[in-house]
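Quick note: the coordinates plus some simple rules give every number you see, no bench work behind them. Computed from a prediction, not measured in an experiment: that's the story for all the values here. Cβ sites come from the backbone with ideal geometry, for glycine too, and all protein chains shown count toward neighbours.
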Amino acid sequence: MSWTFLSRFSVKPDHDADFAALIPLMEANAAEEPGTLAYKFYRRADPHSFAVFESFVDEAADKAHQANPKSAGIIAEMIACMDGPYTRDYLLAI
């Protein structure tokens, strides 16, 4: 069974463009990682609000993604743009 979730979060209004510029870097990096099934950001209807759909072959692949030095650097930059915590909803295939 895959390890799949949707994370939702807001970014600081003055960091919106910075965050958006990091998205293609993160999506391209995730696409190159073994074990990544899907990795796509979306802008939500609320201003400065985003979501990311992530799916990996298993939890270990997600942890490897987070530990990848290239991913970790981009993630740190993204977190610095966020306005508060994020929510993560785990999704189970039907």
Check your understanding: Is the chain best put as rounded, prolate or oblate by its Cα gyration tensor, with a ≥ b ≥ c the root eigenvalues, rounded for a/c under 1.5, and otherwise prolate when a/b is larger than b/c, oblate when not?
Key -> oblate
**Study point:** Estimated dipole of segment 3-91 in Debye, rounded to 20 [Cβ of Lys and Arg +1, of Asp and Glu -1, Cα centre]
**Key:** 120
Practice item. Mind checking segment 41-83 for trypsin sites (Lys or Arg not before Pro) that DSSP puts in a loop (not H, G, I, E or B) and that have at most 16 other Cβ atoms within 10 Å? Key: R44
